[in-house]
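**Q** Dropping the structure in here first, questions after.
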Amino acid sequence: MAGKTKVALVGIGKIALDQHVPAIAASADWELAATVSRKGSVSGVPAFTDFAAFLAERSDIPVVSLCMPPVPRFDYAKAALLAGRHVILEKPPGATLAEVHELQAIASQSGLSLFATWHSRMAHAVAPAKAWLRGATVKQAHITWREDVRKWHPGQDWVFEPGGMGVFDPGINALSILTEILPQPVHLTKARLEFPENRQTPIAAQLTFSGNVTADFDWRQEGPQTWDIAVSTDKGELALRMGGNVLEINGEATAGENSIMGEYPSLYARMAELVRVRASDVDLSPMVHVADALTLGSRITTAAFHF
Ligand code: NAP
């Protein structure tokens, strides 16, 4: 890209401030030219509270990055595409698969770039893990994704509302890595979902897939947090730790870096390339597994959850 391209951030909350703002500030490709948020803003950046007014007044900004929760995101994404803007979607890319298919069709018909981001796929050790697994026979794989919802989503009731996906909000990150690195696709065959008695979405899930692949997602883990994927193959044992940032082969660290801070800069670099060549990148396979788990899973009622 020649010079910096203007981008607007929409939905200024936890992830926008933690990751998007610093990634844009450090990038040679992007300039944060506006924010759109009902309450949030970024110091020194022109702020809008109404998205329609932003679209009408700032035709000089060709790209919008949507950082709000999944349920309200579709209306913003559709309006942006219809107004001729390229769109970056936070993960998960929508509340339903069909709404993302609709966005894909609009982007394609309009020659616009739509990027359904999976930040965990940009973790330092995911590409080396994928390369190591190429051509290997996977005998077994297990995901352990256990974190503390109070730490990562403080007071965010939307995660427990319909469409918030509950523990699949982080679990889909593990599935985005799994679907990226496995040499053969798998499909869900069984799921056990634990719903707090006062909530609409699961707080824990145990999943079984074809190919001897299993997953354990839990949002009640205090203390050390665990984001691991272990894969047994005919070549040996692979382990991805720290959310895909560290790769171990047969117990020895061989690639990566114990930091999540490379993920969002890589997403924005990828979007710069997509806009340059007018392409889209929308892979819904992680979300298909979540939809299948919510379709096929058995429901267990567990203790009420309060932030
Ligand atoms: P958040 O802080 O609760 O929400 C972000 C902002 O979205 C809010 O501050 C709010 O800004 C706006 N918003 C909320 N509800 C809205 C609605 N109904 N209509 C329009 N705008 C609304 O959430 P977050 O943690 O940043 O997560 C947002 C997305 O990023 C989710 O899809 C999540 O999976 C993903 N993500 C989160 C994390 C994390 O660690 N939290 C990590 C990676 C990815 P205003 O009130 O100012 O409009």
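**Q** Which of the pairs Lys130/Lys235; Lys4/Lys151; Lys14/Lys130 have their Cα atoms more than 25 Å apart in this structure?
**A** Working: Lys130/Lys235 13 Å; Lys4/Lys151 35 Å; Lys14/Lys130 30 Å.
The answer is Lys4/Lys151; Lys14/Lys130.
**Q** Express in nm, to one decimal, how much length is gained between Ser43 and Arg276 on full extension, taking 0.36 nm for each residue of separation and deducting their alpha carbon distance. Provide the component values of the computation, followed by the final result.
**A** Numbers: separation 233, 0.36 × 233 = 83.88 nm, distance 2.88 nm.
Value of the extension gain: 81.0 nm.
**Q** Let me ask something else. Of Ala141, Ala56, Ala16, which is the most mobile in a GNM of the chain whose springs link Cα atoms less than 10 angstrom apart?
**A** Ala56
**Q** Using a probe of 1.4 angstrom, how much of the accessible area of the range 113-182 is carbon and sulfur, in percent?
**A** 51
**Q** If I stretch the segment between Leu82 and Ala98 completely, what's the gain in nm (0.36 nm per residue apart, minus their alpha carbon distance), one decimal? List each step's numbers first, then the result.
**A** Values: separation 16, 0.36 × 16 = 5.76 nm, distance 1.76 nm.
Length gained, Leu82 through Ala98: 4.0 nm.
**Q** In square nanometres, what is one fourth of the surface area of the convex hull spanned by the alpha carbons of the chain? Walk me through the numbers on the way to the answer.
**A** On the way: hull surface 63.0 nm².
So the Cα hull casts an average projection of 15.8 nm².
**Q** In addition: 5 Å is the cut-off here: which amide hydrogens, built 1.01 Å from N in the peptide plane, fall below it relative to Asp281, excluding neighbours closer than 5 in sequence?
**A** Leu114, Phe115, Ala116
**Q** Now for a separate question. Need the list of aspartates and glutamates near Lys190 for cross-linking: C-alpha distance under 20 angstrom, and skip anything on the same chain fewer than eight residues off.
**A** By straight Cα distance, Lys190 reaches Asp169, Asp216, Asp218, Asp292.
**Q** Using 7 Å Cα-to-Cβ label points, what is the His142/Asp283 separation (nm, one decimal)?
**A** Rounded to a tenth, the inter-label distance reads 2.6 nm.
**Q** Which residues among the range 287-307 fall inside the zone where the amide N is under 19 Å from a point 7 Å beyond the Cα of Lys151, along Cα→Cβ?
**A** Backbone N within reach: 306-307.
**Q** Starting from the Kirkwood Rh over alpha-carbon pairs, what translational D in µm² s⁻¹ does the range 5-116 have by Stokes-Einstein at 4 °C and 1.567 mPa s?
**A** Working: Rh = 13.9 Å.
It comes out at roughly 93 µm²/s.
**Q** Okay, next question. Once you mark the GluC sites (Glu not before Pro) that are in a DSSP loop and have at most 12 other Cβ atoms within 10 Å, what is the longest gap between them in the chain?
**A** Values: sites that count: Glu197, Glu222.
Excluding the exposed sites themselves, the longest stretch runs over 1-196.
**Q** While we're on this one: Between Gln225 and Asn198, what is 0.36 nm times their sequence separation minus the Cα-Cα distance? Round to one decimal in nm.
**A** Gain on extension, Gln225 to Asn198, equals 7.2 nm.
**Q** Placing +1 at every Lys and Arg Cβ and -1 at every Asp and Glu Cβ, with all other atoms neutral, what dipole size does the range 5-116 have around its Cα centre, in debye to the nearest 20?
**A** Details: 9 positive and 10 negative charges, 34 e Å.
Around 160 debye, computed over the range 5-116.
**Q** Between Lys190 and Ala53, what FRET efficiency follows from the Cβ-Cβ distance if R0 is 51 Å, with the result rounded to 0.05? Intermediate results must be reported in sequence, preceding the final value.
**A** Numbers: r = 48 Å, r/R0 = 0.95.
For R0 = 51 Å, the calculated efficiency reads 0.60.
**Q** Using +1 at the Cβ of each Lys and Arg and -1 at the Cβ of each Asp and Glu in the chain, identify which of Gln225, Val100, Leu188 lies farthest towards the dipole's positive end.
**A** Val100
**Q** Follow-up question, since we're still on this one. Loop sites only, by DSSP: take the trypsin sites (Lys or Arg not before Pro) in the chain that have at most 12 other C-beta atoms within 10 Å and name the longest stretch containing none of them. Walk me through the numbers on the way to the answer.
**A** On the way: sites that count: Arg38, Lys39, Arg134, Arg278.
The longest uninterrupted stretch comes out as 135-277.
**Q** Non-local amide H neighbours of Thr189 (under 5 Å, H modeled in plane, Pro and chain starts lacking H): which ones?
**A** For Thr189, the qualifying residues are Thr208, Phe209, Ser210.
The values are calculated or read from the model by the stated rules, or taken from the named source; none is laboratory data. Predicted model, so just to flag it, every value in this text is computed and none were measured. Please note: Cβ atoms are built from the backbone with ideal geometry, for glycine as well, and neighbour counts cover all protein chains shown. Keep in mind that these areas ignore ligands, DNA and RNA; they rest on the heavy atoms of the full protein, side chains included. Shrake-Rupley method; radii C 1.70, N 1.55, O 1.52, S 1.80 Å.
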